[in-house]
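Novice: Below: one structure in structure tokens.
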Amino acid sequence: MVNAIWADQGLLYPPAVERLPRQARRTIASANRLALYLPEETPEWCLLHELAHAISTTADGHTDGHGPIFMGLYVLLLVRYLRLDQPALLKSLHQSNIRIFTDARPVFLDK
């Protein structure tokens, strides 16, 4: 699924998918530009969350965390693949004072 979504976004060289270590107790999943670390079963929203991290992180690890670039990409993925209502998501983010760049794009394409 990761490779299909990555390609659907027009991106090359998807991150590797690796098993989250069993001893991980406080982490549901994690990701960077090069790899997604997922448990054996991962909810769809979580997979998209980690993909947004991979898309918003450079190969050298620069990221805005859960900042406006990440949020813009995460919302884009939620709307596209889970068919969530974009206006409702944007309203919720605004009400929670969470910044979002609605025109966010993969950070490694700007290099």
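Novice: Among Leu38, Leu48, Gln95, which residue has its Cα furthest toward the positive end of the charge dipole of the chain, with +1 on Lys/Arg Cβ and -1 on Asp/Glu Cβ?
Specialist: Gln95
Novice: While we're on this one: What ranking do Arg33, Arg99, Arg22 get, fewest neighbouring Cβ atoms within 10 angstrom at the top?
Specialist: Lowest to highest Cβ neighbour count: Arg22, Arg99, Arg33.
Novice: Follow-up question, since we're still on this one. With charges set only on the Cβ (+1 for Lys and Arg, -1 for Asp and Glu), what does the dipole of the chain come to about its Cα centre, in debye to the nearest 20?
Specialist: Here the chain has a charge dipole of around 200 debye.
Novice: Kyte-Doolittle cut-off 0.0, length cut-off 15 Å along the helix's own axis using Cα: show which whole DSSP H helices in the chain pass.
Specialist: Membrane-span-like by this criterion, though nothing is claimed about a membrane: 44-55, 68-82.
Novice: Pulled fully out, how much extra length does the chain show between Thr58 and Arg25, if you take 0.36 nm times their separation in residues and subtract their Cα-Cα distance?
Specialist: 9.2 nm
Novice: So what's Rg/Rh here for the stretch 41-109, counting alpha carbon atoms and using the Kirkwood radius for Rh?
Specialist: Details: Rg = 11.8 Å, Rh = 12.2 Å.
Using Cα coordinates only, the ratio equals 0.96.
Novice: Taking the Cβ of each residue in Phe70, Phe101 as the centre, tally the other Cβ atoms inside 10 Å and list the residues starting with the fewest. Walk me through the numbers before you get to the answer.
Specialist: On the way: Phe70 22, Phe101 16.
Starting with the residue having the fewest Cβ neighbours, the order is Phe101, Phe70.
Since every read-out is calculated from the coordinates, none of them should be taken as a lab result. Everything numeric in this text was worked out from a predicted model, so none of it was measured. Cβ coordinates were reconstructed from backbone atoms using ideal geometry, including for glycine residues, and neighbour counts include every protein chain displayed.
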